[in-house]
Amino acid sequence: MRKGHVIALFLVSGIVAIGVAIRQRGPSEPACGGKTLSDWIVVTRVHPDDEQARRVVRQLASKSIPLLLGWIQLEDRPSIKGRIAAAKDRAIIFLESHRIIRPRPRTTDIDWKASYRSLAQAAITELGSEADTAIPALIQMLATKGPTTNDFSPIAGTAFILLVKMAPASIPPLIDALSSNDFQVCNLAAWALGEIGAPASIAIPVVQRRLADTNVMVRVGAAEVLGKLGADPKIFMPTVVESLRDSDFTFLDYKLELLLKHKDHAGAALPLLLNLMTNATTLGSPTNAYVRQQVSSALLQLQPSPVPQEVHGSEQASP
């Protein structure tokens with residue numbers, strides 16, 4: 001009976017796996033040497049030093065930019081092979097847990113085709129400047145929203161990563177995107193320029209305008225980007241210092257990190273930090289205790305001597 005149960009379990013698992021694996025096929029892929037474009041991309045992921053595979057990927061991908069852009073917008077899901085392998089693993093785990101078969105070591109294969117978005121990212125990266133025609137579509141993808149306000153779209157994230165890698169060709173379109181009416185597009189374009197760094201310094205005057213934004217965190221974010229672009233700290237550090245007047249402590253750690261990164265230009269922040277320390281004195285408040293700890297650490301790094309002894313004393317006395 002046990003042998004019959006084992007055979008039946010594997011048959012059922014196989015049928016279920018094949019059933020759930022049936023799905024609509026996407027656009028047909030170009031092929032070379034009996035392998036499709038996605039097959040060749042997988043080869044380059046498994047064997048990064050395989051120059052032949054990389055050449056084939058460049059050859060096929062250069063004529064398949066629209067296909068790759070479509071892949072970026074596909075949701076991740078296991079491939080047919082991956083689903084069958086997962087069903088097999090579940091069956092083996094079940095048999096082992098019920099002592100029908102003896103446990104044995106198993107190897108887990110990576111389901112490379114579970115994410116065509118990842119394959120597209122690899123192919124476009126491999127193409128380099130040959131994929132410049134994809135930049136306008138990638139800029140548009142920056143506007144893609146997550147399913148809820150708390151989620152970040154992996155499509156927008158992939159576009160962001162690729163646009164950084166595609167500099168310098170992506171720099172002018174990213175600068176243009178700073179004037180978008182879409183808040184997410186503006187922010188991602190600014191961050192992408194910051195990640196590109198000094199080569200995108202031409203964006204400094206445009207990013208500098210964001211220092212006048214009504215949102216304090218947009219201003220602080222612009223200050224960080226300006227620092228990465230190589231702007232003079234005298235331009236943006238007053239904005240960071242002024243942000244310490246905000247009574248919301250939510251992003252205090254981020255502000256202090258930026259302040260300390262350019263501490264040679266942060267002298268004007270000392271009185272504001274001492275004021276924060278004074279205001280965060282409510283005993284029994286974990287938030288205020290954490291704020292005092294953060295501010296005290298920043299003060300010691302900025303200028304050890306001005307930190308009053310009573311501050312240290314209050315830190316020791318606070319719960």
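The values are calculated or read from the model by the stated rules, or taken from the named source; none is laboratory data. Everything quoted here is computed from the prediction, not taken from an experiment. In this analysis, Cβ positions are derived from the backbone assuming ideal geometry, glycine residues included, and neighbour counts consider all displayed protein chains.
Restricting attention to segment 213-223, does a residue exist that is surrounded by 18 or more Cβ atoms within 10 Å (Cβ to Cβ), among the β-branched types (Val, Ile, Thr) and either outside the structural domain of ALA289 (by TED's automatic domain parsing) or touching a Phe, Trp or Tyr at 6+ places or on another chain (Cβ under 7 Å) (or both)? So far as segment 213-223 goes, yes, one or more of its residues are surrounded by 18 or more Cβ atoms within 10 Å (Cβ to Cβ), among the β-branched types (Val, Ile, Thr) and either outside the structural domain of ALA289 (by TED's automatic domain parsing) or touching a Phe, Trp or Tyr at 6+ places or on another chain (Cβ under 7 Å) (or both).
All of SER13, SER28, SER38 fail the test of being at pLDDT below 95, touching a helix residue (DSSP H, G or I) at 6+ places or on another chain (Cβ under 8 Å) and polar (S, T, N, Q), apart from SER13. Considered as a group, the residues in segment 107-129 that are in a helix (DSSP H, G or I), at pLDDT below 95 and not polar (S, T, N, Q) include one that is nearest to ASP76 (Cα to Cα), and that residue is ALA114. Only one entry in ALA131, ALA177 is more than 22 Å from LEU60 (Cβ to Cβ), small (Gly, Ala, Ser) and surrounded by 20 or more Cβ atoms within 10 Å (Cβ to Cβ), namely ALA177.
The rows are residues; the columns are (1) touching a residue at least 24 places away in the same chain (Cβ under 8 Å); (2) in contact with a helix residue (DSSP H, G or I) (Cβ under 6 Å, 6 or more places away or on another chain).
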residue	(1), (2)
ALA114	yes, yes
ARG117	yes, yes
GLN121	yes, yes
ILE124	yes, yes
ALA131	yes, yes
LEU138	yes, yes
GLY157	no, no
ILE175	yes, yes
GLN184	yes, no
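Set side by side, the residues LEU283, LEU270, LEU302 differ, and just one is modelled with pLDDT under 90 and within 27 Å of ASP232 (Cα to Cα), which is LEU302. The single condition among (1) without any contact (Cβ under 8 Å) to a residue 24 or more places away in the chain; (2) closer than 28 Å to THR287 by Cα that PRO205 does not meet is (2). In a helix (DSSP H, G or I) and touching a Gly at 6+ places or on another chain (Cβ under 9 Å): does that describe ALA156? Criteria met by ALA156. Yes or no: segment 63-78 includes at least one residue that is modelled with pLDDT of 90 or more, of a type outside the set (A, V, I, L, M, F, W, C), surrounded by 15 or more Cβ atoms within 10 Å (Cβ to Cβ) and more than 21 Å from the chain's Cα centre (by Cα). Scanning segment 63-78, I find at least one residue that is modelled with pLDDT of 90 or more, of a type outside the set (A, V, I, L, M, F, W, C), surrounded by 15 or more Cβ atoms within 10 Å (Cβ to Cβ) and more than 21 Å from the chain's Cα centre (by Cα), so the answer is yes.
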